[in-house]
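What follows is a set of notes on a single structure, which appears directly below.
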Amino acid sequence: MQLLSIVAASFSLGASAALASPAFAAVDSLSPVISRRANSSSQAGPYGLNNVHCQDVHLKVPVSSQNIVFKDVVDNYDNASYVNQQILDYSTGMTNYTEKHMTQQKKTVNATYDIFGQYCTPKEHAKKNSSLIVAVHGVGFDHTYWNFNYKDYSFIRHAASHGYSVFAFDRLGCGKSSKPSKGGFSVVQSPHELAILKEVLRQTRQTNNVGGSKHSKITLIGHSYGSVQGQAISAQSPDLIEGLVLTGFSTNSTGTVPFFLAGTLTIANEVPDLPQLKKDPSIWLATASSQADSSQFNDPLYVEQGANKLARSSAQPVTLGTLFSISAISGPSMTYNKPVFVINGEEDLPFCNRNCDTPVGGGMTIIQSVSMLFPQAKNFTVATLPNTGHGISAHPTSAQGYEEVLSYIMANGL
């Protein structure tokens, strides 16, 4: 999806600036990087993929965020041509766009949202003293990305097969969570969404709202924009998590232009094959076709048609404000000293330009260079999945990839 190229480019802009800051320059050495090609032979844990029970969770989430003040934009846009022009201007001249439309001013935005999620636990053999895995989906999806109901692709089922519980929730505007009708620039933007995630994590730790008990140990797993948010948590509020897993993530944006050319982002309620978005307010955007999704999101030769159809049937929207403000939450995790695992499809287009093992200098590859964001991380490890694109969950290699994730979580006592 073209929107994910903007995610990559936006994050790269913010992270690159932060990495060049005097504070980061003061770091003499980075954490050692453990790098491997995913090769897990296990296809499930000892308790099997049916060892799971899920229950709905409804959270009331009050938030207060310092939002970017945009200027000379249409806040409640409802015209596809305007959307296309904004995306073209931003993706082909990001620095010029930010100087023209994004001020240094901040505005406090207060709101309360209904956030929907599912709390999924093992039917039996729950692992004692383990972390709750909180899963944050990326742009274009809802919480079902983590419980992808196709063959053995579900991360949640794999987690339960090892005795782990998962809380996966719908981000703002997605699935069954609240969907603001106004403020496509001024309200629904990355700082506001990050404030929601912080409050969700706070409630998960300090209240009984998720699963009827407090969870003092949390491992956060993100995908794409969900990983961007997860990395921001490790930088801004590291005490909220004990471990971090990033999927579909890097600080590299070389895939931006080809990714952009592969698809079209438009008003979600006008896309014929997305009936689930027909009633969405016009500030919400989606990709124009399943073909665009496939070429941008998958390693096309290795994704089955059934998986493509399932992913498209649950596609979710995004706003321009979210996409264009990602750099505002980007920056290195200077004090985070806990485990970090990064796993990408080898053919990830938006974050790796279809080759995550490309050298980028300093003896590092694209995926290894994520370590620069985590100078004090514990057991920083990266892995790549062969024959896999940006969205691991839709690929036949997902079982292998998620077993790698869970092996890392277990090995680090999470």
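The values are calculated or read from the model by the stated rules, or taken from the named source; none is laboratory data. Every value quoted in this text rests on a predicted model; they were computed, and no experiment measured them. For neighbour counting, all protein chains shown are included, and Cβ atoms are generated from backbone atoms with ideal geometry for every residue, glycine included.
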TODO: Return only the number of the condition from (1) under 25 Å from residue 55 (Cα atoms); (2) assigned to a loop (DSSP other than H, G, I, E, B); (3) under 20 Å from the mean Cα position of the chain (by Cα) that residue 229 does not satisfy.
DONE: (2)
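If you take the residues in the stretch 288-328 that are β-branched (Val, Ile, Thr) and crowded, with 23+ Cβ neighbours inside 10 Å, which one is farthest from the chain's Cα centre (by Cα)?
Keep residues of the stretch 288-328 that are β-branched (Val, Ile, Thr), which gives 303, 318-319, 322, 326.
Remaining after also requiring crowded, with 23+ Cβ neighbours inside 10 Å: 318-319, 322, 326.
Details: 318: 13, 319: 15, 322: 12, 326: 12 Å.
Out of the qualifying residues, it is 319.
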Open item on the list: Please verify whether residue 344 is on the phi > 0 side of the Ramachandran plot and either crowded, with 22+ Cβ neighbours inside 10 Å or out of contact with any Asp or Glu (no Cβ under 8 Å at 6 or more places or on another chain) (or both), treating the condition exactly as stated.
Closed with: no
TODO: Being surrounded by 14 or more Cβ atoms within 10 Å (Cβ to Cβ) and within 24 Å of the chain's Cα centre (by Cα) is the filter; apply it to the stretch 71-88 and report the residue that is nearest to residue 180 (Cα to Cα).
DONE: 83
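Might you let me know whether the stretch 350-364 holds any residue that is modelled with pLDDT under 95 and hydroxyl-bearing (Ser, Thr, Tyr)? Spell out the reasoning first.
Here is the first cut: in the stretch 350-364, the ones modelled with pLDDT under 95 are 350-364.
So of that shortlist, the ones also hydroxyl-bearing (Ser, Thr, Tyr) come out as 358.
Yes, there is a match, as at least one residue in the stretch 350-364 is modelled with pLDDT under 95 and hydroxyl-bearing (Ser, Thr, Tyr).
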Task: Single match in 379, 387 (criterion: surrounded by fewer than 17 Cβ atoms within 10 Å (Cβ to Cβ), under 30 Å from residue 127 (Cα atoms) and more than 18 Å from the chain's Cα centre (by Cα)) - done: 379
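Taking the stretch 72-94 only, how many residues are among the charged types (D, E, K, R) and either touching a Phe, Trp or Tyr at 6+ places or on another chain (Cβ under 6 Å) or not in a loop (DSSP other than H, G, I, E, B) (or both)? I'd like the intermediate steps shown before the answer.
The initial filter retains those residues of the stretch 72-94 that are among the charged types (D, E, K, R), namely 72, 75, 78, 89.
Restricting the remaining residues to those that are either touching a Phe, Trp or Tyr at 6+ places or on another chain (Cβ under 6 Å) or not in a loop (DSSP other than H, G, I, E, B) (or both) gives 75, 89.
Total satisfying the criteria: 2.
Taking the criterion of being in contact (Cβ under 8 Å) with a residue 60 or more places away in the chain, crowded, with 20+ Cβ neighbours inside 10 Å and part of a strand (DSSP E or B), would at least one residue in the stretch 362-369 satisfy it? Walk me through it before giving the result.
At the first step, the residues of the stretch 362-369 found to be in contact (Cβ under 8 Å) with a residue 60 or more places away in the chain are 364-369.
With the extra rule that they be crowded, with 20+ Cβ neighbours inside 10 Å, the set shrinks to 365-369.
Still in the running and part of a strand (DSSP E or B): 365.
Yes, there is a match, as at least one residue in the stretch 362-369 is in contact (Cβ under 8 Å) with a residue 60 or more places away in the chain, crowded, with 20+ Cβ neighbours inside 10 Å and part of a strand (DSSP E or B).
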Open item on the list: Where the second residue is modelled with pLDDT of 95 or more and the first is of a type in the set (A, V, I, L, M) and lies in the stretch 112-125, which pairs have Cβ atoms under 7 Å and are six or more apart or on separate chains?
Closed with: 115/59; 115/61; 115/169; 115/170; 115/177; 115/196; 115/200
- [ ] Go through the residues of the stretch 198-207 one by one and say whether even a single one is of a type outside the set (Val, Ile, Thr) and not in a helix (DSSP H, G or I).
- [x] no
Task: Flag for residue 337 being among the polar types (S, T, N, Q) and in a loop (DSSP other than H, G, I, E, B) - done: yes
- [ ] With the checklist (1) assigned to a loop (DSSP other than H, G, I, E, B); (2) of a type in the set (Gly, Ala, Ser); (3) crowded, with 20+ Cβ neighbours inside 10 Å in hand, flag the one item residue 413 doesn't pass.
- [x] (3)
- [ ] Six or more apart or on different chains, Cβ under 6 Å: which pairs go from a residue in the stretch 204-227 that's surrounded by 14 or more Cβ atoms within 10 Å (Cβ to Cβ) to one that's part of a loop (DSSP other than H, G, I, E, B) and β-branched (Val, Ile, Thr)? Could you list them?
- [x] 204/210; 218/241; 220/241; 225/139
- [ ] Could you tell me which numbered condition residue 280 fails, if it satisfies all but one of (1) surrounded by 21 or more Cβ atoms within 10 Å (Cβ to Cβ); (2) part of a helix (DSSP H, G or I); (3) of a type in the set (Asp, Glu); (4) modelled with pLDDT of 90 or more?
- [x] (2)
TODO: Output the residues belonging to the stretch 392-414 that are within 12 Å of residue 302 (Cβ to Cβ) and within 18 Å of the chain's Cα centre (by Cα).
DONE: 392, 394, 395, 398
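Can you name every residue in the stretch 123-140 that is farther than 27 Å from residue 224 by Cβ and either basic (Lys, Arg) or surrounded by 13 or more Cβ atoms within 10 Å (Cβ to Cβ) (or both)?
Correct list: 123, 125, 126, 127, 128.
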- [ ] Can you give me the number of residues within the stretch 163-197 that are within 25 Å of residue 80 (Cα to Cα) and of a type in the set (Gly, Ala, Ser)?
- [x] 9
